[in-house]
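Report on the following structure.
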Amino acid sequence: MQIESLKVFCDLAETESFTKAAQVNSVTQSAVSQQISSLERTFKSLLIERSKKKFRLTREGQVLYDYSKQIIQTYESLDSKLQELKDIISGTIRVATIYSIGLHDLPPYVKSFMKSYPTVNVHVEYRRANQVYEDVLSNVVDMGLVAYPTKDSKLEIIPLRKEPLVLICHPQHPFARQKALRLKSLAGQKIIGFEPDIPTRKALDKILREYGVEVKHVMEFDNVETVKRAVEIDAGISIVPLGTVTQEINKNTLAAVEIEDGEFFRPLAAIYKKNKVLSPAMKQFLTILKGTV
């Protein structure tokens, strides 16, 4: 029995998916099944109730998971400490990020990190916000990058920075001639928005409610790139993070207008699972991400 088999078992218990457990460990589903069977033979116990309807650990499986988790954390702590003693920064960092952060905020940080630590591989996956949380909690990734972080007792949240929100419109829109406007000016306007479950949409809806502003949502999308394209064809206006539209503003395909009522920001954060042992590479990556807070 090897430590890798215990890790595969723990990943399977947490993801409740042979496919995801295989993905996390870079092996085949068949290899996962074989390792679980090997553990069952070793401990002469059924560890998983194999049912098509629901995944569930047996009583023996739960005990093995609890102890295996402690063993793995101790092993990872040992490995991390030895790397620090040898001043080694290497390995792979798996990051899940929402599209806007991954496309507009993350690239310069990854570039800076890779320049300093070329032996580390940074693997980035673009996901919806709810999927980022799921991937972090199930150990599919090491770290997540989100906006408007949701508190969770199982997560560590590392605040990064706050990004200004601006109103965007077509350059020929009447609003484009103004340097700033009040939120009440948006009453009755056609809004290109995010889908209702997107954190930024929830935050914007709350702001509009607080100021008593009713708008017409004519289109809803799950990413800022599509929102921008819809505004570029003058289908409506929108409110988005400033950093996501700098290129379009410079090219004059979009106009940005400040909001007079106050300073509105989108908070960004890194998240990882509590009690997770951070490798030296992850610690340095977080340090770089926090560099311009």
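Each reported figure results from applying straightforward, stated rules to the coordinates on display, with no laboratory input. Quick caveat, the model's predicted, so the values are computed rather than measured. All Cβ positions, even for glycine, are placed from backbone atoms using ideal geometry, and neighbour counts span all protein chains on display.
Brief remarks on what is shown
- Among beta bridges that DSSP assigns inside the chain, antiparallel share in %, nearest 5: 55 percent
- Kirkwood-based shape ratio for the range 3-85, expressed as Rg/Rh from alpha carbons: 1.01
- Axis of helix 280-289 versus longest Cα principal axis of the chain: the two differ by about 10°, to the nearest ten degrees.
- Rough spin-label spacing in nm, given labels placed 7 Å along Cα→Cβ, for Lys276 and Thr19: 2.2 nm
- Per-residue Cβ neighbour rank within 10 angstrom, fewest leading, Ile168, Ile93: Ile93, Ile168
- Cβ-to-Cβ counts within 10 Å put Leu268, Leu254 in ascending order as Leu254, Leu268, the fewest first.
- Partner lysines for Lys111 [C-alpha distance under 29 Å; skip if fewer than 8 residues away on the same chain]: Lys20, Lys81, Lys86, Lys162, Lys228, Lys251, Lys273, Lys274, Lys276, Lys283, Lys290
- Per-residue Cβ neighbour counts within 10 Å put Ser185, Ser37 in the sequence Ser37, Ser185, beginning with the fewest.
- Simple spin-label estimate for Ser51 and Ser33 gives 2.0 nm between the two label positions (7 Å along the Cα-to-Cβ direction from each Cα).
- Database remark: amide H of Glu163 closer than 5 angstrom to the amide H of Arg266, Leu268 (H placed geometrically; neighbours at sequence offset of 5 or more, or on other chains; Pro and chain starts carry no H).
- Loop-located GluC sites (Glu not before Pro) in the range 1-95, at most 16 other Cβ atoms within 10 Å (DSSP): Glu16
- Cα centroids of the range 234-250 and the range 61-102: 38 Å apart.
- Distance (nanometres) between label positions extended 7 Å along Cα→Cβ at Leu103 and Ala187: 3.4 nm
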